[in-house]
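See structure below.
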Amino acid sequence: MSFASHDSATRQSQGEAITPEEIASSDAVADEATARYAMILGDDALMLSQRLSSWISRAPELEEDVALANIALDLLGHARFLLTYAGTAWGKTEDDLAYFRDEEEFRSCRLVEQENGDFGRTIARQLIFSTYQHQLYSRLVHSTDPTLAAIADKALKEVQYHQDHAAQWTLRLGLGTEESSRRIQDGLDSLWSYVEELFLDVDPIPALGDVAVLPSSLREDTLHRLREAIEAAGLTVPEMSGAYGSDRTGRFSEQRGYILAEMQVLARQHPGATW
Amino acid sequence: MTSIDPADSGSWPLWEVFIRSSRGLSHVHAGSLHAPDATMALRNARDLYTRRNEGTSVWVVPAEAIMASDPDSKGGFFESPQGKSYRHATYYTQSEGVKHL
């Protein structure tokens, strides 16, 4: 497996970035704990991708439609890598894991499952999650698991842009009109109780050592950067405690079932269908 | 929003996008897009016009800042060089004794 990417000083190459197919066909097999970790990260990316793709044809402008779709596709790519790798532990494909797991088998956090709301709320969610994800992947590139490190390396470049996109919009909405500022502040307020869940050291992460990034180790830097971005936009960092039941099991998630119903219906009604 | 003019119904201004595909080449017009300001125009250009590794540099220019020639103008504007072959190097014969031309 070659994960090298060669860009010259004068031209960006087509690139030799890692692909999910390479992971599937490689000898890399995740052990049980690593697979469960990859599934946590993959499920977050998959759920947010599914949510964001609902903006297609509904964004405020055509250009923003494309931007959100791009981000959704990047996240879908991350999910494909991570679920493909997770599946190697159990002889399952990415599709098995995405389409044929039930609600309580997913490990996504509630933040990414929240409804899009208006554009302000979506940008608030993007700001929180991409800031967290940027911190996460910039550490995961040092994972002692070479496949996870390669996936993080590929994803990091994309997440940098997601973070920038969200921060730019946060500035414009926050410093825009009274209405735009109210809307993104409402978005932040309605989502903030789901932030703490991102930093919980859920199983099996503490046992993975240098293979994984301990979520609690991301808390300080992530919150610091969020505070900077929010205050730069003249907005207020909400002060509220985290919502209860934050353990990624879905037992306390209202939204997950609805997302899965839409995402999985075709694959389940027509198993093996291709399009 | 208190926009009343239907011609300006709150839509974003138009920007022209120029992309340089590789160092040493010129920026070439790639297309146009809408964006609320220059910073976002650059990001939208990145999303719309560099999806397949087309660029190493992007310029965005407010469309209204471009003074364009009249697309219908031919005659006096574009055709007067016709017949002025002395403006081409090939019009001239090489002088004797000039070796490296």
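Brief remarks on what is shown
- Eigenvalues of the alpha-carbon gyration tensor of the range B:12-66, scaled by 5 and square-rooted, set the equivalent ellipsoid semi-axes at 19, 12, 8 angstrom, largest first.
- Computed from Cα positions, the angle between helix A:119-140 and the longest principal axis of chain A comes to roughly 40 degrees.
- Sites B:H27 and A:W90 - FRET efficiency at Förster radius 45 Å, r taken between beta-carbons, to 0.05: 0.35
- Mean Cβ count within 10 Å, highest first, over the residues of peptides A:122-134, B:44-56, A:81-93, A:226-238: A:122-134, A:81-93, B:44-56, A:226-238
- Acute angle (nearest 10 degrees) that the helix B:38-49 long axis makes with the longest principal axis of chain B, alpha-carbon atoms: 70
- Shielding value for A:138-150 is 0, the average number of Cβ atoms from other chains within 10 Å of each residue's Cβ.
- Value of D in µm² per second that Stokes-Einstein yields for chain B, Kirkwood Rh from Cα pairs, at 10 °C (1.306 mPa s): 89
- Look at the stretch A:194-207: the mean tally of other chain Cβ atoms within 10 Å of its residues' Cβ atoms is 0.
- What you get for the protein assembly as shown, charging only the Cβ of Lys and Arg (+1) and of Asp and Glu (-1), is a dipole of about 1160 debye around the Cα centre.
- Neighbouring Cβ atoms from other chains, within 10 Å of the Cβ of residues in B:41-50, number 4 on average.
- Note on the range A:118-246: Kirkwood radius taken over Cα pairs, Stokes-Einstein applied at 25 °C and 0.890 mPa s, translational D equal to 161 µm² s⁻¹.
- Kirkwood-type radius of the range A:28-269, with distances r between different C-alpha atoms, in Å: 18.0
Values in this text are rule-based calculations from the coordinates and carry no lab data. The structure presented is a predicted model; accordingly, all values stated were derived computationally and were not measured. No Cβ is skipped: glycine too gets one built from the backbone with ideal geometry, and neighbour counts run over all protein chains shown.
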